[in-house]
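Colleague: Mind looking over this structure? Questions follow.
The values are calculated or read from the model by the stated rules, or taken from the named source; none is laboratory data. On a predicted model such as this, the values are computed, not experimentally measured, just so you know. Reconstructed Cβ throughout: ideal geometry from the backbone, glycine too, with neighbour counts over all protein chains shown.
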Amino acid sequence: MKKTFGPEYLSQLTPRSLSVRYLLTYVSFLLCSTVAKTRINGRWHLPLKGPFVVASNHFSSYDPPFFTYGVQKPVNFIAASDQEVEWWLIWAPFLYGWIPVDRKKLAPSTIKTALGVLKKNQILGIFPDGGVNETILGTPKNGTVYLSTVGKAPIVPMAIYGAEKAIENILAGVRPRVNVNIGKPFGPFQLNGSKEKKNKSLQKIGTDMMVRIASLLPHDRQGPYLNNKKIKKYQSENGFIPRP
């Protein structure tokens with residue numbers, strides 16, 4: 001048996017059909033409500049229908065089931081294909097599928113596929129800092145805001161925490177506590193001006209997006225966005241303060 005699955009395999013994956021992903025939503029519901037003590041806050045912020053983009057932090061390789069449990073609808077994940085996935089984790093991308101993206105060299109086909117999802121009024125799921133950061137929020141890539149802008153779809157910020165300790169807790173005979181917090185949607189925005197001006201706008205909006213995600217996390221997980229003046233404002237708009 002292979003120990004890891006790399007870019008050659010991962011780049012060939014595609015999202016499964018809507019019916020399959022819809023069925024797997026029930027599987028994630030069963031998994032996340034029995035194996036873990038999962039609490040969802042802010043589901044009322046989710047638009048009733050697509051298109052929209054859900055942008056979440058990525059503290060754990062086990063985040064995707066909790067992501068779908070929070071949204072409770074089929075999601076088209078965009079995930080890095082330029083990585084190695086352990087054999088015991090490959091079942092999730094194999095069953096659910098994803099839109100592969102090479103973080104070092106973004107292919108036009110990836111953008112086309114992602115925009116096609118939004119054109120069909122479906123949901124895109126993205127981890128905007130581009131990888132698993134097990135402790136705190138990272139720096140966003142431009143892709144999430146770009147797709148939201150071109151696809152004319154709002155961004156829904158989400159935070160997942162607690163899943164990073166799931167296996168350790170389960171092996172110790174303890175059900176892990178996992179929080180899935182969903183914030184108020186924002187955007188889409190319109191980008192105008194030169195290429196340089198557009199890039200600056202993308203970076204500015206991307207930073208604001210991460211602050212919105214930070215507002216859904218306990219203060220010790222907010223990383224470089226800790227003490228940002230907008231966090232309290234966004235927590236007020238979200239209608240709740242994250243549990244530790």
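Colleague: Across region 1-45, which residue is nearest to Pro100 (Cα to Cα) among those that are out of contact with any helix residue (DSSP H, G or I) (no Cβ under 9 Å at 6 or more places or on another chain) and part of a strand (DSSP E or B)?
Modeller: Thr4
Colleague: I'm trying to understand the selection: among the residues of region 200-214, which are over 29 Å from Ser33 (Cα atoms) and surrounded by 14 or more Cβ atoms within 10 Å (Cβ to Cβ)?
Modeller: Looking only at region 200-214, we keep the residues that are over 29 Å from Ser33 (Cα atoms), and these are 200-208.
Across region 200-214, the qualifying residues are Ser201, Leu202, Gln203, Ile205, Gly206, Thr207, Asp208.
Colleague: Assess whether Pro74 counts as being in a loop (DSSP other than H, G, I, E, B) and in contact (Cβ under 8 Å) with a residue 60 or more places away in the chain.
Modeller: Working: in a loop (DSSP other than H, G, I, E, B): yes; in contact (Cβ under 8 Å) with a residue 60 or more places away in the chain: no.
Spelling it out, it is not the case that Pro74 is in a loop (DSSP other than H, G, I, E, B) and in contact (Cβ under 8 Å) with a residue 60 or more places away in the chain.
Colleague: If you scan region 46-91, which residues turn out to be surrounded by fewer than 18 Cβ atoms within 10 Å (Cβ to Cβ), of a type in the set (Gly, Ala, Ser) and out of contact with any Leu (no Cβ under 6 Å at 6 or more places or on another chain)?
Modeller: Across region 46-91, there are no qualifying residues.
Colleague: Kindly indicate whether Thr139 is within 20 Å of the chain's Cα centre (by Cα), modelled with pLDDT under 90, of a type outside the set (A, V, I, L, M) and over 25 Å from Leu46 (Cα atoms). Step through it out loud before you land on a result.
Modeller: Details: within 20 Å of the chain's Cα centre (by Cα): yes; modelled with pLDDT under 90: yes; of a type outside the set (A, V, I, L, M): yes; over 25 Å from Leu46 (Cα atoms): no.
In short, no.
Colleague: Follow-up. Scanning for something part of a helix (DSSP H, G or I), of a type in the set (Lys, Arg) and under 19 Å from the mean Cα position of the chain (by Cα), does region 215-223 turn up at least one residue? Show your work before the answer.
Modeller: Of the residues in region 215-223, the ones part of a helix (DSSP H, G or I) are 219-221, 223.
Still in the running and of a type in the set (Lys, Arg): 221.
Pick out the ones that are also under 19 Å from the mean Cα position of the chain (by Cα) and you get 221.
Checked against the condition, which is being part of a helix (DSSP H, G or I), of a type in the set (Lys, Arg) and under 19 Å from the mean Cα position of the chain (by Cα), region 215-223 yields at least one hit.
Colleague: Find the helices (runs of 4 or more DSSP H) located wholly in region 100-172 whose residues include 2 or more that are under 21 Å from Thr14 (Cβ atoms) and in contact with a helix residue (DSSP H, G or I) (Cβ under 7 Å, 6 or more places away or on another chain), and list them. Lay out the reasoning, then the answer.
Modeller: Values: elements: 108-119, 143-150, 166-171.
Filter on region 100-172 gives 108-119, 143-150.
Colleague: Are any residues in region 1-21 surrounded by 12 or more Cβ atoms within 10 Å (Cβ to Cβ) and over 24 Å from Ala166 (Cα atoms), and if so, which ones?
Modeller: Narrowing region 1-21 to residues surrounded by 12 or more Cβ atoms within 10 Å (Cβ to Cβ): 4-7, 9-11, 13, 15-16, 18, 20-21.
Once the filter is applied, which keeps residues that are surrounded by 12 or more Cβ atoms within 10 Å (Cβ to Cβ) and over 24 Å from Ala166 (Cα atoms), region 1-21 yields Gly6, Pro7, Tyr9, Leu10, Ser11, Leu13, Pro15, Arg16, Leu18, Val20.
Colleague: Moving on. Just to be sure I understand the filter: pairs with C-beta atoms under 7 Å, separated by 6 or more residues or on different chains, first member in region 148-161 and free of Cβ contacts under 8 Å to residues at least 60 places away in the same chain, second member of a type in the set (A, V, I, L, M, F, W, C). Which pairs pass?
Modeller: Thr149/Phe189; Thr149/Leu191; Val150/Leu115
Colleague: Report whether or not Val117 is among the hydrophobic types (A, V, I, L, M, F, W, C), surrounded by 22 or more Cβ atoms within 10 Å (Cβ to Cβ) and without any contact (Cβ under 8 Å) to a residue 60 or more places away in the chain.
Modeller: Criteria not met by Val117.
Colleague: Additional query: Do we find a residue being under 19 Å from the mean Cα position of the chain (by Cα) and either modelled with pLDDT of 90 or more or buried (at least 22 other Cβ atoms within 10 Å of the Cβ) (or both) anywhere in region 189-197? Lay out the reasoning, then the answer.
Modeller: Within region 189-197, the subset under 19 Å from the mean Cα position of the chain (by Cα) is none.
Within region 189-197 (the criterion being under 19 Å from the mean Cα position of the chain (by Cα) and either modelled with pLDDT of 90 or more or buried (at least 22 other Cβ atoms within 10 Å of the Cβ) (or both)), the answer is no, since none of the residues qualifies.
Colleague: Considering each of Lys204, Lys120 in turn, give the residue that is at pLDDT 95 or above, within 25 Å of Lys73 (Cβ to Cβ) and of a type in the set (D, E, K, R). Before the answer, list the steps.
Modeller: Details: Lys204 fails: within 25 Å of Lys73 (Cβ to Cβ).
Criteria check complete, one pass: Lys120.
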